Structure formats: structure tokens, C-alpha cells
Amino acid sequence: MKNKRILITGMGGSIGSEICRQLAPDNKIFGVDINETAIFDLREELRQKGHWVHSRTGDIRNTETVYDIYSDFKPEMVIHCAAVKHVTPNNEYPEEAFSTNIQGTYNLVREAKRWECLEKFVFISTDKVVNAKCIMGITKLCAESFVRLQGKRFVAVRFGNVMKSRGSVLEIWERQIEKGEPLTITDWNCERYMMSIPEACGLVLEAAEQGDNGELYILDMGERKTLKGLYDNFLTGKDFNPEVKVIGLRPGEALKEELMTEEEWRDAIRKDKFFILK
């Protein structure tokens, strides 16, 4: 992807910011996020390197904002990362998850279809859509399915946890250590797929280049990691043994997360580092 006008929603987040960094050297980037400070800092960081990056503090739930961005920037590619993603807050206030993850996605897709300049729309999904037990997973599944139904020029990319993303367990543990607090463990038997942020974003961009007709690209994230294994690796090289507090699974959390349903495993086509569903 070179010499493209690329719109990135949720540009201030862990995935959106890294995708922006990887694409900025060869493209014009416009980012939108409700986190004003995050996108301002990222924009200034990349502008100092001579890259064309612009941004707008805005909400994808606002149809006027979405229209203004498309009409002003006329993106050739949209990478839709914006979402509310934390399980517990979304369960407490499902209307917020609905309005961002479903309505916000609808606004972006509807506007995208009006512009002939659009070459590709890429939706960032999550493994929490599989056998969804929480509001976050249910709303993201609705959005993933809706994007795929658009067919030509639309593609969805699904993957699991990324290390040290905002709200990830490693980030939580680091913050607890800084404060001298016990490390909270939900369940030692929890299993999660894990990948570094740069690796996940690089694969997202590969999928974005390949996909074109409503496909779902699922990243091959290797074997699941146990929470005990993550904990042991986290303490490697540290010369102390912190206090641990087991708090149990929160409502909507799964003990073992999956990348695909049983039906999807049967239908998926394996290609390089992806499982692809047509």
C-alpha cells in the first residue's frame, strides 16, 4: 500500500496507532478518535518525521462527523479500528457498546459505499465474537457480519489478544507493581491467544491487501498461552515474588478463548499465516 489516502478510525488506540506508524511513511493518513490527546501526540510524532498525517477529534457515532471526514479526505482505504472493547463496562452499559460497535460501523460503511474513490474497507474484529458470551463480543459479531455482507471491497480481520495493548493483563500487572499492589489473577487455567502489537498489525495489513470480497481473515496466532505461563514469563528477570490475588472470572469472560467456531474451523481455508472464510 503506497501513495494512498487512508482513513484510520480509533487511531489513538493500540492497534490504530501502530497501523498508522507502519503506513505513514508511504501514504497520506487521516485519523479519527475521541481521544484527543492520543491522536494529537501521534500526529506530532509522525509529522516530525516528515510524514503526512492529519487527524480529527470526533465520534464515529455522529453521522455528520463521518460525512465531513469522507467528503473532505475522500479516502481510498478505510481501516476501522474504533471500538469499545472492555468486557465489564460493556456488560454494564450495553447501549454504549451498541452505539459504537454497531451504529458507528454502520455509519462508516454507509458513507463508504457512497464514494467511488473507496478501494478497500477493512474491519478489525476480535476472537470474543466466537460463541459470544458478552455484550462486547455480540456487538462486534454483528458489526463483523454486517461488513462482510457488503461484499466487494470489504474485508474483516479477526485476531485475539495483543501483548501490552491498553487494558491487557501485562499492562495491568505492570501498573500494579508500580503501585505496590498484589497482582490480580482471574483464573490460573485461563488460556488466551497472544501476539505482539507490531506483528498483529503487520498481518492485518497483509490481509487488507489480499482480501476484497467480504472475506474474513483470521490470524494464525499459534498455540494459546496459559495465564500461568504468561505470569512466569512476566516475572523472568525480576528479583522479587509479588503477592497474588485470585479474583475469578468476570461476567462474560471465557476460560479458554477460541479463534473460530467448530463450523468455521471446518470451512476455513489455510493460507500462509491466515485462516480465510469466504
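Bear in mind that the values in this text are calculations on the coordinates, not laboratory data. Quick caveat: nothing in here was measured; it's all calculated off a predicted structure. In this analysis, Cβ positions are derived from the backbone assuming ideal geometry, glycine residues included, and neighbour counts consider all displayed protein chains.
The P(r) of the chain has a tail past 32 Å containing 24 percent of all C-alpha pairs. For Lys85, a cut-off of 18 angstrom between C-alpha atoms picks up these aspartates and glutamates, skipping any fewer than 8 places away in its own chain: Glu18, Asp33, Asp59, Glu95, Glu96, Asp127, Glu144, Glu171, Glu253, Glu257, Glu258. Straight-line cross-link partners of Lys179 among the lysines, defined as a Cα under 20 Å from its Cα and at least 8 positions apart when in the same chain: Lys164, Lys238, Lys245. Between Ser196, Ala207, Asn233, the Cα set farthest toward the positive side of the dipole of region 189-269 (charges on each charged residue's Cβ, about the Cα centre) is that of Asn233. Estimated at 0.36 nm per residue, the fully extended path between Leu255 and Glu45 surpasses their Cα-Cα distance by 71.7 nm. Which one of Ile247, Val122, Ile185 has its Cα pushed farthest toward the positive end of the charge dipole of the chain, where Lys and Arg give +1 and Asp and Glu give -1 at the Cβ? Working it through, the farthest residue towards the positive pole turns out to be Val122. Note on region 69-108: Cα convex hull, mean projected area over all directions, 3.1 nm².
Sparsely packed loop sites in region 60-153 (the trypsin sites (Lys or Arg not before Pro) outside DSSP H, G, I, E and B with at most 15 other Cβ atoms within 10 Å) comprise Lys113, Arg114, Lys133. For a paramagnetic label modelled on Arg166 (point 7 Å from Cα along Cα→Cβ), amide N atoms under 18 Å away belong, within region 1-35, to 8-22, 30-35. Across region 156-247, C-alpha contacts under 8 Å between residues 6 or more apart give a mean separation that, scaled by the residue count, equals a relative contact order of 44 percent. Phi-derived couplings, Karplus 6.51 cos²θ - 1.76 cosθ + 1.60 at θ = phi - 60°, listed residue by residue for region 126-139: 8, 5, 6, 7, 6, 6, 4, 10, 10, 4, 4, x, 5, 5 Hz, with x used for Gly and Pro.
Taking the number of Cβ atoms within 10 Å of each Cβ as an exposure proxy, the fewest-first ranking of Leu235, Leu23 is Leu235, Leu23.
Each of Ser165, Ser71, Ser17 was scored by other Cβ atoms within 10 Å of its Cβ. Arranged with the fewest first, they read Ser71, Ser165, Ser17.
With contacts taken as Cα pairs under 8 Å and at least 6 residues apart, region 27-119 reaches a relative contact order of 29 percent. 3J(HN,Hα) along region 143-154: 5, 4, 5, 4, 4, 5, 5, 6, x, 3, 6, 10 Hz, from the Karplus curve 6.51 cos²θ - 1.76 cosθ + 1.60 with θ = phi - 60°, whole Hz, x for Gly and Pro.
Normalised by 2.2 N^0.38 Å, where N is the number of residues, the C-alpha radius of gyration of region 1-92 stands at 1.06.
Using Cβ point charges alone (K and R +1, D and E -1), the dipole size of the chain about the Cα centre works out to roughly 500 debye. Under a 5 Å amide H cut-off, with hydrogens placed 1.01 Å from N, Glu215 pairs with Ala156 among residues at least 5 apart or on other chains. If you plug the beta carbon distance of Glu116 and Glu199 into 1/(1 + (r/R0)^6) with R0 = 30 Å, you get a FRET efficiency near 0.30.
Set the Cα radius of gyration of region 140-278 against 2.2 N^0.38 Å, with N its number of residues, and you get 1.22. When the Cα gyration tensor is reduced to axis lengths a ≥ b ≥ c, the ratio a/c is 1.5 or higher for region 205-266, and with a/b above b/c it is classed as prolate. The lysines within cross-link reach of Lys74, meaning a Cα-to-Cα straight distance under 22 Å and a gap of 8 or more places when in the same chain, are Lys2, Lys4, Lys28, Lys113, Lys120, Lys152.
Consider all pairwise Cα distances in region 174-226 and report the whole-number % of them above 12 Å. So the portion of pairs separated by more than 12 Å is 75 percent. By the beta-carbon count within 10 Å of each Cβ, the least crowded to most crowded order of His51, His80, His86, fewest first, is His86, His51, His80. Measuring max minus min along each principal axis, the C-alpha atoms of region 10-169 give extents of 44, 37, 25 Å (largest first). Over region 37-176, calculate the relative contact order: mean separation of alpha carbon pairs under 8 Å at least 6 apart, over the residue count, as a percent. Relative contact order for region 37-176 comes out at 21 percent.
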